[in-house]
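Encoded as structure tokens, the structure appears first; notes follow it.
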Amino acid sequence: MKPKKLAWPKYWKEGVRELSASDPILAKIVQRNKEIKLYSHQDPFLTLLRAIVSQQISSLAAKKLSEKILFLISLENCVSTGNLEDNSDASVFLASKSSFRRLGLSQAKYSCITKVATSLKNNKQYWKNIDSFSDHEILSELMRIKGIGMWTGQMFLIFHLMRPNVFPETDLGLLKSIVKNYSLNDYVSARDQLPNLKRQWDPWNSIAAWYLWCDIDPIPFVY
């Protein structure tokens, strides 16, 4: 697996400043976690792989399984150098996909990741220009792949494309952080408050989500 150059959102300082001014509670969360900033690995396949692996399992389990898969991709990349049309991570996965199945991926997740890798290989122009499409257009296209739902698509928007105004409403970690920080009773109360909070955080919902994650996990999982 080739090292990727990390990228940070250009809008970050402006968004943090405006959010902190509009929401005193979030301002305190930012202060507690101000050294941690969202970044992108600049690889659509790896972001989607991490997000698919993370579906319906704990963050800790997702981190461990993702690390195993990424390590195997690195090994397979070394072995297959010169034998593939290209040595992208998606191509490496497709060339050695049976090895990845043995790591503990469910059949459904294995199949979904395979479909993503195939799309990246066969639709290079679309993926090259993906940042030119709207959030809605990208989500609609991604969700045509069986196994990718709204949450997985939103992880892609936040962590790969670094879109500024995305909030995954079904994410239990975010709901947990809202309950904790906004003195609410339970997840139901948090969901009831979300429309108001999202309006308050607009157009920087992605930044709000990031700091809410950071406040319950000092080393948040970067997809």
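The values are calculated or read from the model by the stated rules, or taken from the named source; none is laboratory data. Predicted, not measured: the structure shown is a model, and the values here were computed from it. In this analysis, Cβ positions are derived from the backbone assuming ideal geometry, glycine residues included, and neighbour counts consider all displayed protein chains.
On the basis of being under 24 Å from L49 (Cβ atoms) and either acidic (D, E) or touching a Pro at 6+ places or on another chain (Cβ under 9 Å) (or both), does M143 make the cut? In short, no.
Here L48 meets each of (1) of a type in the set (A, V, I, L, M); (2) over 15 Å from M155 (Cβ atoms); (3) touching a helix residue (DSSP H, G or I) at 6+ places or on another chain (Cβ under 8 Å) with one exception, condition (2). With respect to Y187, determine if the residue is over 21 Å from the mean Cα position of the chain (by Cα) and either farther than 30 Å from K115 by Cα or touching a residue at least 24 places away in the same chain (Cβ under 8 Å) (or both). Yes: the conditions hold for Y187. Does A208 satisfy the criteria of being outside the structural domain of S91 (by TED's automatic domain parsing) and either in contact with a Gly (Cβ under 8 Å, 6 or more places away or on another chain) or touching a residue at least 40 places away in the same chain (Cβ under 8 Å) (or both)? It is true that A208 is outside the structural domain of S91 (by TED's automatic domain parsing) and either in contact with a Gly (Cβ under 8 Å, 6 or more places away or on another chain) or touching a residue at least 40 places away in the same chain (Cβ under 8 Å) (or both). Taking R17, is it over 30 Å from L184 (Cα atoms) and assigned to a helix (DSSP H, G or I)? No: the conditions fail for R17. Take the conditions of a type outside the set (A, V, I, L, M, F, W, C), assigned by TED's automatic domain parsing to the domain that holds S74, buried (at least 20 other Cβ atoms within 10 Å of the Cβ) and at pLDDT below 95 and apply them to K121. Does it pass? No; evaluated as a whole, the condition is false for this residue.
Only residues that are part of a helix (DSSP H, G or I) and of a type in the set (D, E, K, R) were counted across the range 129-153, and they come to 4. In the range 168-223, counting only helices (runs of 4 or more DSSP H) that sit wholly within it, the ones holding 2 or more residues that are loosely packed, with under 14 Cβ neighbours inside 10 Å span 187-201.
Taking every residue in the range 17-32 that is closer than 13 Å to W204 by Cβ and pairing it with any residue that is among the β-branched types (V, I, T), at least 6 positions away or on another chain, the pairs with Cβ-Cβ distances below 8 Å are L19/V30; L19/I207; S20/V30; V30/V16. Among the residues making up the range 44-75, those that are over 15 Å from the mean Cα position of the chain (by Cα) and surrounded by 19 or more Cβ atoms within 10 Å (Cβ to Cβ) are I69, I73.
Would you tally the residues in the range 154-167 being more than 19 Å from N129 (Cβ to Cβ) and outside any helix (DSSP H, G or I)? Of the residues in that region, 4 qualify. Answer with yes or no whether K109 is part of a loop (DSSP other than H, G, I, E, B), within 19 Å of the chain's Cα centre (by Cα), basic (K, R) and surrounded by 14 or more Cβ atoms within 10 Å (Cβ to Cβ). Taking the combined requirement at face value, the residue does not satisfy it.
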